[in-house]
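Written below as structure tokens is the structure these notes are about.
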Amino acid sequence: MKIKKYEVYDMKEALKMIKRDLGPDAVILSSRKIVKNGSFGLFSKPVIEVTAAVDYQAKRESKSANKQNADQKEIYDFKGNFQQHEPNFTQNDDNLDKVTELINNLGLNRFESLINDVGDIKKQINEMKSAFSSNMVVDLDSPLKEYYQLMLKNEMDDVIAYKFLKKIEKRVAAAGGGKLQIKNMIIQFLAEVIPVEKDYFSSLKQKVVAFVGPTGVGKTTTIAKLAANLSLKLKKKVCLISIDTFRIGAVEQLRTYAEIVDVPLFVASTPEELKNIIAKCREYDYIFMDSMGRSQYDENQISELNAFMDVSPFISVVLVLSMSCNHMELFDTFDRYSRLKPEYVIFSKLDETKYFGPMVNLPVIKRAPILLLTNGQNVPEDMEIPDGKKIAKSILNEIPTVWRS
Ligand SMILES: Nc1nc2c(ncn2[C@@H]2O[C@H](COP(=O)(O)OP(=O)(O)O)[C@@H](O)[C@H]2O)c(=O)[nH]1
Ligand SMILES: [Mg+2]
């Protein structure tokens, strides 16, 4: 038997190398994500260590049997049984069962060695299956291992959680202390990693902010909350612009809020109009633009919106994302709006989830700081300026819990 180890960035690359070096009969014995010394960084790509082997003896014995049935190829042909770095164990298992059954039906069971091979491969696959879920944490110190699991339970990305804990491992060990001290250290360090923009609304520079995002995420409501807090409580000069020209009633919703808060509302139906309105609003501290809401899958809408965003270099685009969406949907939405170059994100509807990991995943991976959080329908109360420590705590909940105001 010949065994070889590979370090690759993706499984496809490994499969190519294994096939080249060991031939098509090779099997993968193990694979795990690792972090290379010196290459640590939250944004660095994880390396996959793959161990593959080929048994030339068994190959010789089973070669003639292999030829008898094309289906048997599936036993050894691991190509296509991996999706990115995760093996499709279920399909693999099914295939092996099918082949065993076929061998029996065709009376080929005299090829005992082949059947044994099938059994061995099946065993290896099952071992890999259980090793895969725990492999990534084997080299974390014991208390951190538990926090890793906790972070995953709260839907934090496994690679970010692992790299973060690996980065602080030595410092935590050096500091000593009990469980509570360790937890506090993790919260402290994690808070430093979460990108938050705390002082945006308190700085004196004039702000022109465009709120974009899918329909129903809470753009209009969030603008109303901000306008009320800044204008009524902090006595700032706020004006609103609606470029919501599609949904009948959408302008009316903002108009109602504008009247309650007593701030002016302008409506821009073309980029040219928007440019003129912004030029006339120099005296305002905050200009909040509410954008039209249609599906984020509508490419035309994003292009139209882009034309509005292009009228002034002073417009900050803020993408509103609802926490009632899952991790994948949030990334999908961010990618669809990336043409508008969102500078910040606002997470809305924190009251509709108990899993706050995605609040770290997206800002870290996309490098988009969190500008604001909203946690309910009440205007103007249900919003807060993001606090890294509070977010970090919410990701270490033993039992996923609702957001506390
Ligand atoms: N639970 C919850 N509902 C919210 C929040 N923000 C907005 N909403 C509600 O979500 C719905 C859509 O809000 P709207 O501002 O019209 O969304 P838009 O289409 O993005 O402008 C309304 O019923 C809001 O009251 C929030 O933080 N939590
Ligand atoms: Mg709206």
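The values are calculated or read from the model by the stated rules, or taken from the named source; none is laboratory data. The structure presented is a predicted model; accordingly, all values stated were derived computationally and were not measured. Quick reminder, even Gly has a Cβ in these numbers, built from the backbone with ideal geometry, and neighbours come from all protein chains shown.
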Point to revise | Residue satisfying condition, being assigned by TED's automatic domain parsing to the domain that holds residue 370, away from ligand 2 (no atom under 12 Å from the Cβ) and among the polar types (S, T, N, Q), within set 270, 215, 221 | key: 270
Check your understanding: All but one of (1) outside any loop (DSSP other than H, G, I, E, B); (2) touching a Leu at 6+ places or on another chain (Cβ under 7 Å) hold for residue 363; which doesn't?
Key -> (2)
Practice item. Taking the residues in the range 174-196 that are modelled with pLDDT of 95 or more and outside any helix (DSSP H, G or I) as candidates, determine which candidate is farthest from residue 151 (Cα to Cα). Key: 196
**Study point:** Test set (1) at pLDDT below 95; (2) more than 9 Å from ligand 2 (Cβ to nearest atom) - residue 209 fails condition number
**Key:** (1)
Review point. What do you reckon, is residue 396 surrounded by fewer than 21 Cβ atoms within 10 Å (Cβ to Cβ) and under 17 Å from residue 190 (Cβ atoms)?
Key: yes
